[in-house]
1. Going through A:137, A:143, A:123, A:170 one at a time, which residue ends up being more than 24 Å from residue B:21 (Cβ to Cβ), buried (at least 18 other Cβ atoms within 10 Å of the Cβ) and modelled with pLDDT of 80 or more?
2. Among the residues of segment B:25-48 satisfying the criterion of being assigned to a helix (DSSP H, G or I) and over 20 Å from residue A:174 (Cα atoms), which is nearest to the other protein chains (Cβ to nearest Cβ)?
3. Quickly run through segment B:38-54 and pick out the residues that are surrounded by 21 or more Cβ atoms within 10 Å (Cβ to Cβ) and free of Cβ contacts under 8 Å to residues at least 12 places away in the same chain.
4. Just one of A:164, A:158, A:67, A:81 is under 17 Å from the mean Cα position of the chain (by Cα) and at pLDDT 90 or above; which is it?
5. If a residue must be among the hydroxyl-bearing types (Ser, Thr, Tyr) and within 8 Å of chain A (Cβ to nearest Cβ), how many such residues does segment B:49-75 contain?
6. Can you report the number of residues in segment B:21-47 which are of a type in the set (A, V, I, L, M) and in contact with a Cys (Cβ under 7 Å, 6 or more places away or on another chain)?
7. Within segment A:98-117, identify whether any single residue is modelled with pLDDT of 85 or more, in contact with a Leu (Cβ under 9 Å, 6 or more places away or on another chain) and not in a loop (DSSP other than H, G, I, E, B), and answer yes or no.
8. Kindly indicate which of B:109, B:94 is over 27 Å from residue A:43 (Cα atoms), assigned to a helix (DSSP H, G or I), modelled with pLDDT under 90 and more than 11 Å from chain A (Cβ to nearest Cβ).
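The values are calculated or read from the model by the stated rules, or taken from the named source; none is laboratory data. From a predicted model like this one, the values you see are computed outputs, not experimental measurements. Counting neighbours? That spans all protein chains shown, and the Cβs are built from the backbone with ideal geometry, glycine included.
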Amino acid sequence: MMPDEQELVDKAQEGDREAFTALVRQYQNKVFTFVLRMTGNREIALDLTQDTFLAAWQNVDGFRREAKFSTWLIQIAANKAKNLLKRSKWEQPLSVATPEGISSSRPDAEFEWNQKQARLLGLIGDLPVGQRAIFNLRYFDELKFGEIARIQNISVSAAKTQFAEAVKKLRKWLGEI
Amino acid sequence: MNCSEIQKQIDEGVTIAGLEISPEIQTHLESCPGCHAYAGQLEVLATTLEPLSQIMLTGEEVTLIEAGLNRRIDEAPVVRGFSFRLRLVTVPLAVAAAVILLFMFWSPANHWIETPTFTSIDDEWSLDAISSEDVMTTLSNGNGDLLPSFIDTKTAAYLTGQMEPGQADDILDGVSDAEMEWLEKNLSLEI
């Protein structure tokens, strides 16, 4: 953990809202993109991002620095997303938000670009929830398998196997498009 | 390792940053066209998924998240800081106090009195559980036969002052010295 981040976490644990807000600003995009890749729906991803940081604020006392703060946040986000998907019985492939609703960082983003993102989110949404989380955590967030295993509460070998399965499926589906 | 295992490790090694593989696998790829082609397909995967790495929050969304979060935190304040450290001290103290209180009130009332540790043949009674009040209550309820064997009804009657001392000598023969000592001490008797 960077020293300034450690200081922010220490202050947040003392109840410093400004310090926590700084942490929110540092990691909200990371959390948002993860839950968006999990749910494929931008509005729901925004709600889950808020839920994640609220839970983090309420439980920051419980952060023990055994892992990085960002990993701890993603663990909360993953649990929130999985619980929502199970409650909503969204283990079926999601209906992805329209391309108009999926913006990108490119100010000149074209419809085609947004359409690509929407289609890809739909593909990832076809993966089972657990596999989807593992794929997102490894491929996009580049977490080590040990961290992923801790987040998902599975063994390292199970995490590797699930990830390899997800890669194989995506490789096959993309080849069929 | 065979090609199947190599390809599994290739799948495990792919991230948005590229392919993470060991030097051993890299050497294999240079000599195995099949695995080399397999690894090459992953580059297609990476290129295809690249747009998903470009997803960002808009400025409006950032404002929405922060405003909503602040409102929800204000609605459900959490006490932190000093009270957190205070809990580290008070919780163990509370647990210790609860254990002490449980020990004090759960134990028999005369636990603190040193008594012989033997018990009677009656399961419900033991020397350290008998008081003169127990004897009186048992007798008045007509349950003299519930008294421990070393205190028969007549002995109990004597012990509770219902008999004259000289009248009970012959029925105390079955009471051991230790039991006698206990009776004298705990029921405040002069035998």
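1. On the way: A:137 fails: more than 24 Å from residue B:21 (Cβ to Cβ); A:143 fails: more than 24 Å from residue B:21 (Cβ to Cβ); A:170 fails: more than 24 Å from residue B:21 (Cβ to Cβ).
One residue alone meets the criteria, A:123.
2. Initial filter on segment B:25-48 (assigned to a helix (DSSP H, G or I)): B:25-31, B:33-48.
Filter once more, keeping what is over 20 Å from residue A:174 (Cα atoms): B:25-31, B:33.
Working: B:25: 14, B:26: 18, B:27: 21, B:28: 17, B:29: 16, B:30: 22, B:31: 22, B:33: 18 Å.
For segment B:25-48, the residue satisfying everything is B:25.
3. Those that are surrounded by 21 or more Cβ atoms within 10 Å (Cβ to Cβ) and free of Cβ contacts under 8 Å to residues at least 12 places away in the same chain: B:51, B:52.
4. Details: A:164 fails: under 17 Å from the mean Cα position of the chain (by Cα); A:158 fails: under 17 Å from the mean Cα position of the chain (by Cα); A:67 fails: at pLDDT 90 or above.
Being under 17 Å from the mean Cα position of the chain (by Cα) and at pLDDT 90 or above holds for just one of A:164, A:158, A:67, A:81, which is A:81.
5. Filtering segment B:49-75 for residues among the hydroxyl-bearing types (Ser, Thr, Tyr) gives B:53, B:58, B:63.
Still in the running and within 8 Å of chain A (Cβ to nearest Cβ): B:53, B:58.
The qualifying residues number 2.
6. Keep residues of segment B:21-47 that are of a type in the set (A, V, I, L, M), which gives B:21, B:25, B:29, B:37, B:39, B:42, B:44-46.
Add one more test, that the residue is in contact with a Cys (Cβ under 7 Å, 6 or more places away or on another chain), and what stays is B:29.
Residues that pass the stated criteria total 1.
7. Keep residues of segment A:98-117 that are modelled with pLDDT of 85 or more, which gives none.
The answer is no, given that none of the residues of segment A:98-117 is modelled with pLDDT of 85 or more, in contact with a Leu (Cβ under 9 Å, 6 or more places away or on another chain) and not in a loop (DSSP other than H, G, I, E, B).
8. Details: B:109 fails: assigned to a helix (DSSP H, G or I).
Criteria check complete, one pass: B:94.
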